Amino acid sequence: MALVETAVDGRVATVVINRPEAMNAFNTELLGLLHDEILALGTRGDVGALVLTGTGKSFGAGADIAEMRDYTPEQAREFSELGQRATTAIESIPQPVIAAVNGFALGGGCEIAMACDVRLCSESARFGQLEVNLGIMPGWGGTQRLIRICGPGFALDLMFTGRMASAEEALRWGLVSAVHPKEELLGKAQEMAFGIASKSRVALRNIKLAAKRAYEQDLAGGLRLEADLFGLCFASEDQREGMDAFLSRRTPEFKHR
């Protein structure tokens, strides 16, 4: 049984975190496999969008505590950096990534979900940065991404208290964009992914890049980048096809170049 399972249907790849006996807790092996699989999919021109989900009751129940327990400070830092490489891989590939959070997204699982571009969840999903209950802190980007997504009040509430937030609370604070019945969640995420994957790969790549950089620079710098990328879109075949299709009142047939 593979720890990370991928199925490609048309232009959509569905990546499943598959360690249900441990509630999909992330050990070193699973993190490394997820990192490598995401980067490999990022290089594929035939994949236009990804869906990331988990097997069973959990999207990801955090880092593997049994593995972490006896880490030295140096080993703990290396583990943090491995988790950060995995989350950065999700953010850095050109395709949009949709998290279908099917259950618990706790600790590292929440951090993996937050690295995705869009998050949908089931009604039974629960989110949390529970590390404070273990005498540690988030290490895979939780202190940075949760504040950027939800604002400091809600983010620090979760990180200071170590409590779990419901799907409804996550929706209210913008941590997810939609809540679905569990039996419909994966289908809804894949439906969204197919719709996204039908768009121009060039445009999607530039949107994702500009949006990511919005967190990393001031408004003036972000606007300059946006203008640069907007101009580059006009060097693509997709720009001409998209506008010709609009003027002809037909559906565009993007070549993704």
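At-a-glance table
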read-out	value
Residue list for the range 195-238, restricted to those being of a type outside the set (A, V, I, L, M) and not in a helix (DSSP H, G or I)	S198, K199, S200, Y215, E216, Q217, D218, F234, S236
Any pair with Cβ under 7 angstrom, 6 or more apart, that starts in the range 126-148 at a residue that is closer than 16 Å to M114 by Cα and ends at one that is part of a loop (DSSP other than H, G, I, E, B) and of a type in the set (K, R)	G128/R163
Residue check, G139 open to solvent by 10 Å² or more (accessible area, probe 1.4 Å), on the phi > 0 side of the Ramachandran plot and part of a loop (DSSP other than H, G, I, E, B)	no
Top-ranked residue in the range 149-168 [being of a type in the set (A, V, I, L, M) and not in a loop (DSSP other than H, G, I, E, B); ranked as nearest to the chain's Cα centre (by Cα)]	I149
Any chance T72 is modelled with pLDDT of 95 or more and farther than 25 Å from F127 by Cβ	yes
Qualifying residue in the range 90-106 (condition: buried (at least 21 other Cβ atoms within 10 Å of the Cβ) and either hydroxyl-bearing (S, T, Y) or without any contact (Cβ under 8 Å) to a residue 40 or more places away in the chain (or both))	no
Residue that is within 23 Å of R11 (Cα to Cα), open to solvent by 90 Å² or more (accessible area, probe 1.4 Å) and either part of a helix (DSSP H, G or I) or of a type in the set (F, W, Y) (or both), where the choices are M243, M192	M243
Which numbered condition D238 misses (of (1) touching a Lys or Arg at 6+ places or on another chain (Cβ under 7 Å); (2) in contact (Cβ under 8 Å) with a residue 24 or more places away in the chain; (3) open to solvent by 30 Å² or more (accessible area, probe 1.4 Å); (4) charged (D, E, K, R))	(3)
Candidates L146, L171 - the one that is open to solvent by 20 Å² or more (accessible area, probe 1.4 Å), farther than 30 Å from R240 by Cβ and part of a helix (DSSP H, G or I)	L171
Qualifying residues in the range 112-124 (those that are assigned to a loop (DSSP other than H, G, I, E, B) and of a type in the set (D, E, K, R)) - the one surrounded by the most Cβ atoms within 10 Å (Cβ to Cβ)	D117
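The rows are residues; the columns are (1) within 23 Å of G151 (Cα to Cα); (2) open to solvent by 10 Å² or more (accessible area, probe 1.4 Å); (3) not hydrophobic (A, V, I, L, M, F, W, C).
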residue	(1), (2), (3)
V51	no, no, no
G62	yes, no, yes
M68	no, yes, no
T72	no, yes, yes
Q75	no, yes, yes
Q84	yes, yes, yes
C110	yes, no, no
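The values are calculated or read from the model by the stated rules, or taken from the named source; none is laboratory data. Keep in mind the model is a prediction, meaning the values are calculated, not measured. Cβ atoms come from the backbone with ideal geometry, glycine included; neighbour counts cover every protein chain shown. Remember, those area values only see protein heavy atoms, side chains included, never the ligands or the DNA or RNA. Shrake-Rupley method; radii C 1.70, N 1.55, O 1.52, S 1.80 Å.
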